[in-house]
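What follows is one structure encoded as structure tokens, with my remarks underneath.
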Amino acid sequence: RAKSAGGNRYELADPEADARAITRHGLTTALPTALDRGEFFIEYQPLVHLGDGSVRGAEALVRWLHPQHGVLGPDRFIPLAEHTGLIVPLGRWVLEQSVRQARAWQERYDGAGPLRINVNLSPCQLSHPGLVQDTVDILERAGVTPDALCLEVTESALIGADDDLLKPLRRLAEMGVDIALDDFGTGYSNLANLRRLPVSILKLDRSFTQSMQQFPADPVDLKIVEGIVSLAHGLNLAVTVEGVETGAQAEQLRILGCDTAQGWYYARPGPPERLHELALVDATG
Ligand code: C2E
Ligand code: MG
Ligand code: MG
Ligand code: MG
């Protein structure tokens, strides 16, 4: 369009880009009060044991019910919350809600095995000095033991992390909290680096699961996943796969030795009652 405007050296503004910028600005302005107004809510997506299909826990995924824009996914506002610093109170709120939900599940589940809860941590929360104490307080208040909690940190957040950044994670790990390396395989992962990270779970990124879509799957991808699983198990790490959308993928990943899976094939993220049903159905056979 700029060209047909007669060779003038200007470009028409992209109206969509404008709308995006305005929205981003608007969202950033609305963000600080959204927490007080109770506009955030959490959906839970089950984590399923690949060996026996039982529900072992769930990942907490935050959403924003914006008064004008409707439900917004975390990709729309987490980066803004990180930028403005709201991520610290928001992340603490997500942790508190999720841990309390885990307690409620555990009570309903009644001896059929503790339901675990996975909560995402952003890099800003990692470097916030209150992280360890806040987590301890939240677990205590809810009456949940540390081993029922898994904190997910992305690989990219820990790349080149110095000891100061790893210290709080180490303390949490020593207490019994699991640390998972989220979206594993998307960053410039230095496999040797894994040894010095206090992680106990690798969450293999959805892109690997996607390449298991065709049957037979790409032999190179199979080899890569096989290699990652064997390395992980060799280092005593469990492997969770994300984005499982078909039974064929689940079967392939099970054969490759992955431990736990998550994805639309089992359930989309949803309200806590839904996981409740899944887990209870499962527990009673
Ligand atoms: P993630 O931790 O890697 O979460 C998995 C994402 O994959 C979720 O997107 C989930 O809805 C989606 N997903 C699950 N199963 C499938 C599937 O079978 N197919 C496909 N195509 N997608 C699937 P969501 O909910 O949009 O979350 C995106 C990211 O936002 C998360 O990625 C996580 O990094 C971040 N996030 C979510 N909640 C929080 C939070 O409370 N705090 C922080 N710091 N980050 C969060
Ligand atoms: Mg995650
Ligand atoms: Mg992930
Ligand atoms: Mg992901």
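The values are calculated or read from the model by the stated rules, or taken from the named source; none is laboratory data. It should be emphasised that the depicted structure is a prediction, and the values quoted were computed from it without experimental measurement. Because the Cβ atoms are built from the backbone with ideal geometry, glycine has one as well, and the counts that use them run over all protein chains shown. Note: accessible area is taken over every heavy atom of the protein model, side chains too, but ligands, DNA and RNA are not part of it. Shrake-Rupley method; radii C 1.70, N 1.55, O 1.52, S 1.80 Å.
Data for the structure
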quantity	calculated
Residue selected from the stretch 65-93 under the condition of a type in the set (A, V, I, L, M, F, W, C) and crowded, with 22+ Cβ neighbours inside 10 Å, by the criterion farthest from ligand 1 (Cβ to nearest atom)	PHE77
Selected residue (criterion: nearest to ligand 3 (Cβ to nearest atom)) from residues of the stretch 94-130 that are more than 17 Å from GLU152 (Cα to Cα), at pLDDT 90 or above and not in a loop (DSSP other than H, G, I, E, B)	GLN101
Lone unmet requirement of (1) in contact with an Asp or Glu (Cβ under 8 Å, 6 or more places away or on another chain); (2) within 16 Å of ligand 4 (Cβ to nearest atom) for GLY257	(2)
Qualifying residue in the stretch 192-200 (condition: within 16 Å of ligand 4 (Cβ to nearest atom) and of a type in the set (Gly, Ala, Ser))	no
Positions within the stretch 229-274 being charged (D, E, K, R) and either over 29 Å from GLN101 (Cα atoms) or free of Cβ contacts under 8 Å to residues at least 24 places away in the same chain (or both), in sequence order	GLU251, GLU273
Unique residue being outside any loop (DSSP other than H, G, I, E, B), of a type in the set (Ser, Thr, Tyr) and more than 16 Å from ligand 1 (Cβ to nearest atom) when the list is SER230, SER207	SER230
Residues satisfying the stated conditions in the stretch 158-188, i.e. more than 16 Å from ligand 2 (Cβ to nearest atom), on the phi < 0 side of the Ramachandran plot and not in a helix (DSSP H, G or I)	ILE159, ALA161, ASP162, TYR188
Count - residues of the stretch 140-157 that are more than 15 Å from ligand 1 (Cβ to nearest atom), outside any helix (DSSP H, G or I) and hydrophobic (A, V, I, L, M, F, W, C)	1
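Okay, residues lined up against (1) open to solvent by less than 20 Å² (accessible area, probe 1.4 Å); (2) more than 20 Å from CYS150 (Cα to Cα):
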position	(1), (2)
THR28	no, yes
LEU35	no, yes
TYR44	yes, no
GLU59	yes, no
ARG63	no, no
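Per-residue answers, yes or no, for (1) touching a strand residue (DSSP E or B) at 6+ places or on another chain (Cβ under 8 Å); (2) within 16 Å of ligand 4 (Cβ to nearest atom):
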position: ASP75; (1), (2): no, yes
position: LEU80; (1), (2): no, no
position: ARG92; (1), (2): no, no
position: GLN133; (1), (2): no, no
position: VAL153; (1), (2): yes, yes
position: ALA157; (1), (2): no, yes
position: LEU166; (1), (2): no, no
position: LEU169; (1), (2): yes, no
position: LEU172; (1), (2): yes, no
